[in-house]
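The values are calculated or read from the model by the stated rules, or taken from the named source; none is laboratory data. Because the structure is predicted, anything quoted here is derived from the model rather than measured. Areas reflect the complete protein model, heavy atoms only, side chains present, ligands, DNA and RNA absent. Shrake-Rupley method; radii C 1.70, N 1.55, O 1.52, S 1.80 Å.
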Amino acid sequence: MDVLVHASPPNSPKPHLYSPSALKTKNNIETIQEQQKPHQDSSSSQSPVITMSNDSISVQEDQKARTNKRYIFLLVINYSFLFVGSLSSSLLSKFYFNHQGSSRWVSTWVQSAGFPLLLFPIYLPFYVFKCTDRRPFSLFTPKLLILSIFIGLMLGLNNLLFSWGNSYLPVSTSSLLLSSQLVFNLILSAIIVKQKITFQNFNCVILLTLSSVLLALGSSHDKSQGLTRAKYFIGFLSTIGAGLLFALYLPVMEKIYRRIYCYEMVVEMQLVMEIAATALATMGMASAGGFSEMKRESQVRFDKGARVYWVTVFANVVTWQLCFMGTAGMVFLTSSLTGGICMTALLAMNVLGGVVVYGDEFGGVKVVSTVLCGWGFCSYVYGLYLKMKEEKEMENKNHGMEMAHNAVAPNNV
């Protein structure tokens with residue numbers, strides 16, 4: 001059985017039990033655990049992680065730590081995934097519905113069906129490239145498996161609600177309702193993961209929410225044809241439910257990720273969650289005619305032909321997977337609030353993408369919305385910069401005090 005020991009955060013004194021001689025026995029590991037319980041703070045841990053398997057002990061650096069060499073690389077890669085995935089999936093979904101695609105279950109299914117793509121980064125490094133000693137799923141406990149399945153089902157329900165709301169409501173109303181998820185995210189993050197509410201993140205949430213509201217009001221002419229009161233009510237409740245579920249999903253994932261030290265485990269959890277979400281969507285598709293319904297839609301309804309239809313579906317599968325993997329990575333490396341803010345900030349990019357690709361109008365309201373979005377996002381990034389600078393100064397101060405203590409200690413002996 002593997003045992004994980006998270007070292008104390010940089011703002012607490014480091015015990016001298018990290019010397020090689022002190023890590024030789026299991027008793028010393030237990031001593032480290034007891035000493036660090038009062039100081040443990042997973043959200044800001046920047047110290048090594050000690051793993052013990054049978055009789056071997058190894059020290060691995062926490063990949064969430066900003067001092068880790070891979071941290072910036074992983075951060076850039078995951079935000080790139082989120083950026084490309086969010087923008088591309090938005091444009092492809094609009095292409096699908098613009099050309100007579102109408103299946104809510106297909107729209108739900110493509111959001112999670114890309115899970116086989118995650119098998120490559122999970123298994124290739126260990127079995128093919130031999131670039132890691134960590135065996136896939138080696139630290140995946142039954143409890144983590146159950147949590148992943150449960151959250152995957154919740155994610156699948158969120159995807160379904162999003163698809164139903166998107167199919168019934170006009171773009172303006174859907175955008176307006178979804179913009180509220182960021183406010184829900186801030187509140188739930190404060191409750192679940194004790195997210196500290198500062199001027200920077202509160203200001204960012206307000207500006208991004210206003211940006212989304214203006215964006216919705218600027219698209220008020222996009223009204224669905226034949227929208228009955230009953231369908232509007234279903235779409236309204238579905239979209240509100242999707243926003244609430246996703247706002248809950250982010251801080252819950254952050255709380256679980258605080259017990260995880262490596263990015264590989266994030267990918268493994270994402271694989272299990274996507275399988276559960278896809279199973280839910282597949283059962284729904286089966287009840288509505290299964291894949292034969294997709295085949296009939298590609299041949300009869302979709303006005304660009306079957307070949308373009310399947311290319312669109314496959315591209316949607318890939319881009320949605322990039323979007324969700326980027327979101328998971330951002331939550332793991334930063335926080336649930338940062339992940340939600342990054343996703344909401346990309347609404348402006350989606351608007352610009354629609355202008356460039358589909359020739360959408362870019363009037364004064366959308367310009368103001370884009371400026372507010374950029375302002376809010378930049379204010380949050382600046383707040384993160386100040387926080388990182390403060391943590392770095394504190395780390396240097398603690399390191400200097402430790403150096404001084406080590407220099408004085410021999411003289412006292």
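Extent along the principal axes, Cα only, for the range 284-413: 87, 43, 23 Å, with the longest axis given first.
Please quote Rg/Rh for the range 95-142 to two decimal places, taking the Kirkwood radius as Rh and restricting both calculations to Cα atoms.
Ratio of gyration radius to Kirkwood radius for the range 95-142: 1.27.
Put simply, the range 86-211 fits an ellipsoid with semi-axes of 32, 25, 15 Å; these come from the alpha carbon gyration tensor as the roots of five times its eigenvalues, largest first. As an equivalent ellipsoid, the range 319-369 spans semi-axes of 27, 14, 5 angstrom, where each value is the square root of five times an eigenvalue of the C-alpha gyration tensor, largest first.
Exposure check, 1.4 Å probe, all protein chains in place: T209 carries approximately 30 Å² of accessible surface.
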